[in-house]
1. Name the one entry in 153, 133, 98 that is of a type outside the set (Gly, Ala, Ser), exposed (fewer than 15 other Cβ atoms within 10 Å of the Cβ), assigned by TED's automatic domain parsing to the domain that holds residue 55 and over 30 Å from residue 222 (Cβ atoms).
2. So, of the residues in the range 83-113 that are touching a residue at least 24 places away in the same chain (Cβ under 8 Å) and assigned to a helix (DSSP H, G or I), which turns out to be nearest to the ligand (Cβ to nearest atom)?
3. Among (1) in the same structural domain as residue 244 (by TED's automatic domain parsing); (2) surrounded by 17 or more Cβ atoms within 10 Å (Cβ to Cβ); (3) at pLDDT 95 or above, where does residue 17 come up short?
4. May I ask you to verify whether residue 200 is of a type outside the set (S, T, N, Q) and without any contact (Cβ under 8 Å) to a residue 40 or more places away in the chain?
5. May I ask you to list the residues in the range 140-172 that are among the acidic types (Asp, Glu) and within 19 Å of residue 192 (Cβ to Cβ)?
6. Check the range 137-144 and report whether any residue there is of a type outside the set (Asp, Glu) and either under 26 Å from residue 37 (Cα atoms) or in a loop (DSSP other than H, G, I, E, B) (or both).
7. Determine, yes or no, whether residue 160 is among the small types (Gly, Ala, Ser), assigned to a helix (DSSP H, G or I) and more than 16 Å from the ligand (Cβ to nearest atom).
8. How about the range 190-258: which helices (runs of 4 or more DSSP H) wholly inside it have at least 1 residues that are of a type in the set (Val, Ile, Thr) and either at negative phi or modelled with pLDDT of 95 or more (or both)?
Amino acid sequence: MSSIKKSLSSAAPATEMNLVDSEVKNNVLEVRNLESAYGPVMALRGVSLEVPEGKVVTILGANGAGKTTLMKTISGVINPRKGAVWFHGERIDGTEPDRLVKKGLSHVPEGREVFPFLNVAENLAMGAYTRRDKSEIQCDVEMIYEYFPILKDRRTQAAGTMSGGQQQMLAIGRGLMSRPSLMLLDEPSLGLSPLLVQEIFAIIRRLNKEQGVTILLVEQNARVALAAADYGYVLETGRIVMAGSADKLMHSDDIKEFYLGQTKDNTAEATRWKRKKTWR
Ligand code: ATP
């Protein structure tokens, strides 16, 4: 496995970051020079990143930056054109998604995609399709109901008739049913009220701390994502342009300016890189 490690110690543009191989980190996931395309449309242009065990790592980026493509490439839905992905030290790029679920990699896609005509309990059962340990499966359903009590209340309700927030909770719950060591969460805040977003992110953080699930989280909502994450990357038109601890990213002028709207320097001296940013 590649021993090249990307330093996450400072919020610097990716091109200026030191690549160090000294510190031995236990990475659940390593992505190296990943390129993916839709026909002639290059969506990922050489993405490298790492996800240390037990951490929450977020990928921030505007519409069309390539976040969903990155998640789909990691989870085997899209085959990369170039590059490599390692999961617990094993090369997995090009592996079928169902085999990756068995290995402990769970992908909760953008837009939730629950089974609308199945009820809550049936959706959760579908998440355990790779498992045969019936009594353990039932324990996990109960555990999920503890994190998301509303799902217990609605366990016989068809998923398609539930609110967006409840469907998001169900999608996360279903993703947990395969007992993943790594969860990929694609825009869990999408279309939800600020209050619900806070609630879901608090639960995501608890799942990370209490269940030990490592999380790779894609978000446009930088504020909530950085508040929940340990580390972050910024993806722009298929390239990583910044990386660092969540705290340092939160305090970086570029993030403040292009996401938080706290303009420190809004004069003509802004760099070309800054001018083309499209943070909301
Ligand atoms: P969003 O937040 O809007 O979902 P994103 O950061 O997830 O955006 P992607 O959906 O990964 O971005 O898209 C990356 C690029 O690939 C964009 O230019 C997009 O138009 C293009 N793209 C995505 N899906 C397809 C597709 N099925 N066919 C062709 N181009 C696509």
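1. Numbers: 153 fails: assigned by TED's automatic domain parsing to the domain that holds residue 55; 133 fails: assigned by TED's automatic domain parsing to the domain that holds residue 55.
It is 98.
2. 100
3. (3)
4. Values: of a type outside the set (S, T, N, Q): yes; without any contact (Cβ under 8 Å) to a residue 40 or more places away in the chain: yes.
Yes: the conditions hold for residue 200.
5. Applying the first criterion (among the acidic types (Asp, Glu)) to the range 140-172 yields 140, 142, 146, 153.
Matches in the range 140-172: 153 only.
6. Here is the first cut: in the range 137-144, the ones of a type outside the set (Asp, Glu) are 137-139, 141, 143-144.
Of the ones still in play, those that are also either under 26 Å from residue 37 (Cα atoms) or in a loop (DSSP other than H, G, I, E, B) (or both) are none.
No; the residues of the range 137-144 include none that is of a type outside the set (Asp, Glu) and either under 26 Å from residue 37 (Cα atoms) or in a loop (DSSP other than H, G, I, E, B) (or both).
7. Details: among the small types (Gly, Ala, Ser): yes; assigned to a helix (DSSP H, G or I): yes; more than 16 Å from the ligand (Cβ to nearest atom): yes.
The answer is yes for residue 160.
8. On the way: elements: 194-211, 222-228, 246-250.
Qualifying helices (runs of 4 or more DSSP H): 194-211, 222-228.
The values are calculated or read from the model by the stated rules, or taken from the named source; none is laboratory data. Computed from a predicted model, the values in this text were never measured in an experiment. Cβ atoms come from the backbone with ideal geometry, glycine included; neighbour counts cover every protein chain shown.
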